[in-house]
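Values quoted throughout were computed directly from the atomic coordinates according to the rules given, and no laboratory measurement underlies them. Remember, it's a predicted structure, so these values are computed and weren't measured experimentally. Neighbour counts run over all protein chains shown; Cβ positions are idealised from the backbone, glycine included.
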Amino acid sequence: MSKRIMTGYVVSNKADKTIVVRCETMVQHPLYKKYIRRRKKFMAHDPHNSCKIGDKVQIIESRPLSKRKRWSLKKLEEKAV
């Protein structure tokens with residue numbers, strides 16, 4: 001089974017070797033068929049403390065690293081404007 005990959009923006013990097021990433025998905029309302037933006041925050045492992053707030057990153061599912069950390073940093077993309 002392949003691991004999930006999500007794209008989002010770093011909203012916090014205060015913890016050591018940990019970032020908080022806000023990911024956004026669009027879901028369709030079952031009755032009204034309008035698309036709604038859903039946001040969720042994930043804690044991800046950043047081994048080199050290389051991410052800054054506002055960076056666009058990709059995270060990949062991994063084994064449990066702590067109580068709330070289940071994702072790892074895949075790669076750093078261009079900085080958000």
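From the list D16, D46, the lone residue that is in contact with a Leu (Cβ under 6 Å, 6 or more places away or on another chain) and either touching a residue at least 40 places away in the same chain (Cβ under 8 Å) or acidic (D, E) (or both) is D46.
Quick grid of which residues meet (1) surrounded by 12 or more Cβ atoms within 10 Å (Cβ to Cβ); (2) outside any strand (DSSP E or B):
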residue: V11; (1), (2): yes, no
residue: K33; (1), (2): no, yes
residue: R37; (1), (2): no, no
residue: M43; (1), (2): yes, no
residue: K56; (1), (2): yes, no
residue: K74; (1), (2): yes, no
